[in-house]
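A short reminder: the numbers here are calculations on the coordinates, not readings from a lab. The model shown is predicted, which means the values in this text are computed figures rather than measured ones. Reconstructed Cβ throughout: ideal geometry from the backbone, glycine too, with neighbour counts over all protein chains shown.
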Amino acid sequence: MSTARSSQHKAAIRASVAVGIAVSAYGISFGALAVTAGLDIVQTCVLSLLMFSGGSQFAVIGILASGGTAAGVAAIASSTLLGTRNALYAIRMAPVVGGRWPRTLLAAHWTIDESTAVSAAQTTPEGQRAGFWWTGAIIYLGWNLATLIGALIGNLLGDVSQYGLDAAAAAAFLGLIWPRLKSMQPIAVAVGAAVVAALLTPALPPGLPVLAAALVAVVVGLTNWLGPKDPLPAMQQLDLGEDGFP
Amino acid sequence: MTSWQIIILASIAVFALKLAGYLVPPSLLERPRPARIANLMTVALLAALIVVQTLGAGTRIVFDARVPALIVAAGLLAVRAPFIVVVAAAATTAALIRLLT
């Protein structure tokens, strides 16, 4: 029994290390892009330390890059909306890793796509706990170190458009959305949101077209247009597969 | 609004959402609608950010070196290239086009 437990534990740790190292490397892209979007090195690192949610962080720097600090409200709103899925992960993780206050606060901070996915892939409670904490810890360390390295590189590179880093930011968003486009409903939402954002860009201040595009998700989500007739239990929708991004 | 205010406020909001999940009753997850909207929200925002980042120039829509760079990125993602390779290839493509035109 104890052998089985420890082998589960080891399997969870192995998965954590593999996912953690792979994901941490994206932090380099983030750090470089954040600096070229106008943040300084310290601000870039603080953003990774405090926010610790890749999609939301890329949203902040993407909107700052196009609209500057004048688009601050839109940057905050977009990153917050992109973080709503973390609340779902947290609901899922609460019985697994919740506990006393200090532990719950740390668990909340480390509740991201990868820690949830690795944890959910384990079969025993012990493995699920190990998967969550190990993945959270490895990615927190790796993501923040990589952010610093990326910020230093971005600082050396200087002028953005000359090097094509604005295109790199677009590619980063494409990489983040790619593993989520596996069925008709998310694909339709992506296309609809893209059209709304393109049409509204000339009409609204920078940042707002992105927020307006979020309404496409609300409308399709409420009506379940193109969705499965027999809706999946919510948890199955959280399954990220092996190539889920932060 | 300063960069620091944006960083701090956005970080607080993102953390608050994570923490909220530990405080609400788990039965919320049984309802498909909130879960569906949250998942689709991620897709919608990322798609909009791709458009703005690829075609946006302030409040104008322009087609420039970023478009072929994004096509290269899509091709690499289709063959399951690593994230960092995709990002670097897109930057290189756009930089080369700008250098040559």
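Quick notes
- Test for B:V72: is it more than 7 Å from chain A (Cβ to nearest Cβ) and either β-branched (V, I, T) or not in a helix (DSSP H, G or I) (or both): yes
- Residues being within 14 Å of another protein chain (Cβ to nearest Cβ), of a type outside the set (G, A, S) and free of Cβ contacts under 8 Å to residues at least 60 places away in the same chain - total across the stretch A:108-141: 4
- Looking only at residues of the stretch B:4-57 that are hydroxyl-bearing (S, T, Y) and crowded, with 20+ Cβ neighbours inside 10 Å, we find that the one that is farthest from A:T116 (Cα to Cα) is B:T54.
- When B:A78, B:A89 are checked against the criterion of being more than 7 Å from chain A (Cβ to nearest Cβ), crowded, with 16+ Cβ neighbours inside 10 Å and among the aliphatic types (A, V, I, L, M), B:A89 stands alone in meeting it.
- B:T59 being over 25 Å from A:A188 (Cβ atoms) and in contact (Cβ under 8 Å) with a residue 24 or more places away in the chain: no
- Among the residues listed as A:L64, A:L81, the single one being within 24 Å of A:T201 (Cα to Cα) and either without any contact (Cβ under 8 Å) to a residue 60 or more places away in the chain or more than 15 Å from the chain's Cα centre (by Cα) (or both): A:L64
- Residue within the stretch A:4-23 that is in contact with an Asp or Glu (Cβ under 9 Å, 6 or more places away or on another chain), in contact (Cβ under 8 Å) with a residue 24 or more places away in the chain, surrounded by fewer than 24 Cβ atoms within 10 Å (Cβ to Cβ) and of a type in the set (S, T, N, Q) present: yes
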